[in-house]
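Written out below as structure tokens is the structure these notes cover.
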């Protein structure tokens, strides 16, 4: 298990659970949940600094960038131009070329605008970014994203924050067979079994935020998610038994009276 | 404040002395320059140029940093 590292664009990650940093009660809860989750990749958003009230604490005082890989996103961007602008600002504010690219299509569903996503990915990759795209559970789009140079793809399980779990396991499986890069299931996880299932299907990692931050006890849920992702990954590696309609006895018949 | 300039910072109008650089403004606002990105008139200012780039009348600055966020 401990040699089972995830490698993306030459970077090694210990944890296959990646977490967001939004929606927590305060920074201390954020810090604790992330620590308990065991995640080593955390996503952050890029926003205006509050220049009128400088007393506010900074997220990076709680999430040490030396300890965690900070993965900035382009959350809230609905056009290619906005996504490019935020990605460039994220690189300027941070220390790496990593960007979780989101180009959203619609405020109600927060589904990705996949045409815009591919276009933005192409431009950012030319500029030297390592683009991890938040995409739909569409195998053709996943393939196109890999073709333009994305070193991983992040298909959704269900709409962001919906907690519906994996809505289309068959598409996810087809994506896993279609592309040869790591698949990070991103968005829609509701509880531990959803994360375990994603890993059992063969996902390389799971990224979540609301499922932990929105739980009644976020710290406990962070721990549950750690176990779920590890259990799912182990089960996937172990190889499950085939499903059969009828019983197969576990005890031998021989020696019975 | 002789020869004050009027600039826009994160959407707010404010005065600053002429001759100030981006770095001067960040210090005045008590902002750690290592943790922010600065966009000046829609162009990103490289961190190593913060002390070189002088502010001009009507400049529009955006100062951004990382905040808690997952997806949305």
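Miscellaneous remarks
- Checked across the stretch B:18-30, the condition of being at pLDDT below 95, within 10 Å of chain A (Cβ to nearest Cβ) and in contact with a helix residue (DSSP H, G or I) (Cβ under 9 Å, 6 or more places away or on another chain) holds for at least one residue.
- Scanning the stretch A:70-84 for residues that are surrounded by fewer than 19 Cβ atoms within 10 Å (Cβ to Cβ) and more than 8 Å from chain B (Cβ to nearest Cβ) yields A:78, A:79, A:81, A:82.
- Residue match in the stretch B:58-68 (condition: more than 8 Å from every other protein chain (Cβ to nearest Cβ), over 30 Å from residue A:210 (Cα atoms) and over 11 Å from the mean Cα position of the chain (by Cα)): yes
- Subset tally (residues that are surrounded by fewer than 20 Cβ atoms within 10 Å (Cβ to Cβ) and more than 25 Å from residue B:68 (Cβ to Cβ)) for the stretch A:182-199: 1
- Residue A:213 being within 14 Å of another protein chain (Cβ to nearest Cβ), surrounded by 16 or more Cβ atoms within 10 Å (Cβ to Cβ) and either on the phi > 0 side of the Ramachandran plot or in contact (Cβ under 8 Å) with a residue 40 or more places away in the chain (or both): yes
- Selection status of residue A:64, part of a loop (DSSP other than H, G, I, E, B), out of contact with any helix residue (DSSP H, G or I) (no Cβ under 8 Å at 6 or more places or on another chain) and either within 11 Å of chain B (Cβ to nearest Cβ) or surrounded by fewer than 16 Cβ atoms within 10 Å (Cβ to Cβ) (or both): yes
- With respect to (1) surrounded by fewer than 17 Cβ atoms within 10 Å (Cβ to Cβ); (2) touching a residue at least 40 places away in the same chain (Cβ under 8 Å); (3) in a helix (DSSP H, G or I), the lone exception for residue A:235 is condition (2).
- Qualifying residue in the stretch A:10-30 (condition: without any contact (Cβ under 8 Å) to a residue 24 or more places away in the chain, assigned to a loop (DSSP other than H, G, I, E, B) and under 24 Å from residue A:125 (Cα atoms)): yes
- Single residue of the stretch A:86-108 satisfying the filter (more than 8 Å from every other protein chain (Cβ to nearest Cβ) and over 24 Å from residue A:17 (Cα atoms)) that is surrounded by the most Cβ atoms within 10 Å (Cβ to Cβ): A:86
The values are calculated or read from the model by the stated rules, or taken from the named source; none is laboratory data. Here the structure is a predicted model, which means the values were calculated and not measured. Counting neighbours? That spans all protein chains shown, and the Cβs are built from the backbone with ideal geometry, glycine included.
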